[in-house]
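Okay, structure first, notes after.
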Amino acid sequence: GVGMGMTAPVSITAFPAEDGSCQQKVKVSLRIPSQFQDNPPCPTDESIKIEERQGMTIYSTQFGGYAKEAEYVSYAARLKAALGSDAAYRKDFYLCNGYDPPMKPYGRRNEVWFVKE
């Protein structure tokens, strides 16, 4: 019953298939604003879960524009190529992050994160 407004980033956990495309399964995560961190409201929808994301070290790349699946897949492939075979990171998922509301036409920020092992 409490409006929290938009939070940033909106983080989508992508699970890549063997060919680099994304599987149909995704997980969308939204940050709970600071004033609700100690006592978050209970979701009324059973499909919504409150999880605590532990600290992590990431490899990241940033890009602009309106990001869709194809852009995230492309930038994930670029990040993978830039890291080469020596970097140790989780291969079973990566995070796609958008920082801007849909109505912002310019100066948009998107990121792909690989979680370091």
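I'd like the residue in segment 12-31 that is assigned to a loop (DSSP other than H, G, I, E, B) and open to solvent by 40 Å² or more (accessible area, probe 1.4 Å) and, out of all such residues, is nearest to residue 67 (Cα to Cα).
Across segment 12-31, the extreme among qualifying residues is 21.
List the strands (runs of 3 or more DSSP E) that sit entirely inside segment 38-117 and contain at least 2 residues that are more than 12 Å from the chain's Cα centre (by Cα).
In segment 38-117, 58-63 are the strands (runs of 3 or more DSSP E) which contain 2 or more residues that are more than 12 Å from the chain's Cα centre (by Cα).
Residue 79 versus (1) surrounded by 12 or more Cβ atoms within 10 Å (Cβ to Cβ); (2) at positive phi: which is the lone unmet condition?
Just one mismatch for residue 79, condition (2).
The values are calculated or read from the model by the stated rules, or taken from the named source; none is laboratory data. Predicted model only: the values in this text are computed from it and were never measured. Cβ coordinates were reconstructed from backbone atoms using ideal geometry, including for glycine residues, and neighbour counts include every protein chain displayed. Side chains are part of the model used for accessible areas, which takes the heavy atoms of the whole protein and leaves out ligands, DNA and RNA. Shrake-Rupley method; radii C 1.70, N 1.55, O 1.52, S 1.80 Å.
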